[in-house]
Amino acid sequence: QVQLVESGGGLVQAGGSLRLSCAASTTIFRFNAVAWIRRAPGRQRELVADITSGGNTNYPDSVKGRFTISRDNAKNTVYLQMNSLKPEDTAVYYCHAETGYTFYWGQGIRVTVSS
């Protein structure tokens with residue numbers, strides 16, 4: 001069973017930075033893409049960033065220029081560097097990986113940005 005384990009969340013002041021990590025229990029070459037998805041209270045899930053096996057990345061306008069997704073194939077880990085954080089970035093952040101046949105979720109990690 002594939003496991004995705006997130007780490008790096010916490011409480012930060014507005015304008016600060018955090019780096020989230022998603023460590024996979026298998027080689028990340030198995031995944032067509034790995035994404036970070038967040039869920040804020042009272043709001044729908046939102047794609048924050050994704051990265052394909054070829055290294056292509058995608059961001060919504062809400063985080064473009066502030067967030068950067070990257071991957072370390074040797075460590076089977078995908079990162080999300082979050083800079084210039086805003087209170088509206090407060091959410092539970094989930095790692096999501098898909099192979100084309102199935103998909104996997106991490107347990108989620110909380111990020112709280114205080115104003």
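The values are calculated or read from the model by the stated rules, or taken from the named source; none is laboratory data. The structure displayed is predicted, hence computed values, not measured ones. All Cβ positions, even for glycine, are placed from backbone atoms using ideal geometry, and neighbour counts span all protein chains on display. These area figures cover heavy atoms from the full protein model, side chains too; ligands, DNA and RNA do not enter into them. Shrake-Rupley method; radii C 1.70, N 1.55, O 1.52, S 1.80 Å.
Points to keep in mind about this one:
- The chain - share of DSSP beta bridges that are antiparallel (%, nearest 5): 90 percent
- Between the stretch 54-115 and the stretch 1-35, the Cα center-to-center distance that results, in Å: 6 Å
- Rolling a 1.4 angstrom probe over the chain with all protein chains present gives an accessible area of which 46% lies on carbon and sulfur atoms.
- For Gly108, the residues whose modelled amide H falls within less than 5 Å of its own, excluding neighbours fewer than 5 places apart on the same chain, are Glu6, Cys95.
- Calculated P(r) of the stretch 1-99 - Cα pairs past 19 Å, %: 37 percent
- Per residue, in Å², the accessible surface of the chain once ligands and nucleic acids are set aside, probe 1.4 Å: 53 Å²
- The stretch 11-28 - phi-based ³J(HN,Hα) in whole Hz, Karplus 6.51/-1.76/1.60, Gly and Pro as x: 9, 9, 7, 4, x, x, 10, 9, 10, 8, 10, 10, 9, 9, 7, 9, 5, 6
- Among the trypsin sites (Lys or Arg not before Pro) within the stretch 1-93, those in coil by DSSP and having at most 16 neighbouring Cβ atoms inside 10 Å are Arg43, Arg45, Lys64, Arg66.
- Of all the options Val12, Val34, Val78, the one that moves most in a Gaussian network model of the chain with Cα springs shorter than 10 angstrom is Val12.
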